[in-house]
Amino acid sequence: VGEQALLKCSFRSSSPITDSLLVDWTYRPLAGGRMETVFHYRSIPHPTTAGRFKDRIIWVGNVANGDASIAIQSPELGDNGTFICSVKNPPDV
């Protein structure tokens, strides 16, 4: 709580990295409920503009190195839950 939390995500692709590469981070609260997209990357980072993580997620990844990590600034106990990183690099998923 209070310190920046790094959420690591690494990937490998048999296809060359292009501008078509997509990274999506989703979150489901510990208590359950619906999944929410908290971060999207396609050529440039697109942090969420609504919800509990608005203005708190920063891109720390480097897709050229197979890194799709993000960080949460000022994490709170209520942020506990499941975070899922999904990377698609067409035609590779």
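In this Cβ point-charge picture (+1 for Lys and Arg, -1 for Asp and Glu), the chain has a dipole of about 160 debye about its Cα centre. Across the range 63-74, rounded Karplus estimates of 3J(HN,Hα) from the backbone phi angles (6.51 cos²θ - 1.76 cosθ + 1.60, θ = phi - 60°) give 4, 4, 9, x, 10, 10, 6, 10, 10, 9, 8, 6 Hz, Gly and Pro being marked x.
The Cα trace of the chain gives Rg and Dmax of 13.4, 40 Å, the first to one decimal, the second as a whole number. Heavy-atom surface analysis with a 1.4 Å probe gives the chain a carbon and sulfur content of 51 percent of its accessible area.
Please report how far the C-alpha centroid of the range 48-93 lies from that of the range 4-43, rounded to the nearest whole angstrom. Using only Cα atoms to place each centre, the spacing works out to 5 Å.
Using the 1.4 Å probe convention, the accessible area of the chain works out to 61 Å² per residue with neighbouring protein chains retained. Give me the percent relative contact order of the chain, please, defined on Cα pairs under 8 angstrom at least 6 residues apart. That works out to 42 percent. Residue-wise HN-Hα couplings along the range 84-93, as the Karplus relation 6.51 cos²θ - 1.76 cosθ + 1.60 with θ = phi - 60° gives them from phi, are 10, 9, 10, 10, 10, 10, x, x, 7, 10 Hz; Gly and Pro carry x.
The phi-based Karplus calculation (6.51 cos²θ - 1.76 cosθ + 1.60; θ = phi - 60°) puts the 3J(HN,Hα) values of the range 4-21 at 4, 10, 8, 10, 7, 8, 10, 8, 10, 9, 7, 9, x, 6, 10, 5, 7, 4 Hz, whole numbers, x for Gly and Pro. Modelled label positions at Phe83 and Ser43, each set 7 Å beyond Cα in the direction of Cβ, lie 2.6 nm from each other.
Projecting the Cα atoms of Thr82, Ile70, His40 onto the charge dipole of the range 4-88 (Cβ charges, centred on the Cα centre) puts Thr82 farthest toward the positive pole.
The values are calculated or read from the model by the stated rules, or taken from the named source; none is laboratory data. It should be emphasised that the depicted structure is a prediction, and the values quoted were computed from it without experimental measurement. Here Cβ is always computed from backbone atoms with ideal geometry, including for glycine, and neighbour counts include all displayed protein chains. For accessibility, only protein heavy atoms count, side chains too; no ligands or nucleic acids. Shrake-Rupley method; radii C 1.70, N 1.55, O 1.52, S 1.80 Å.
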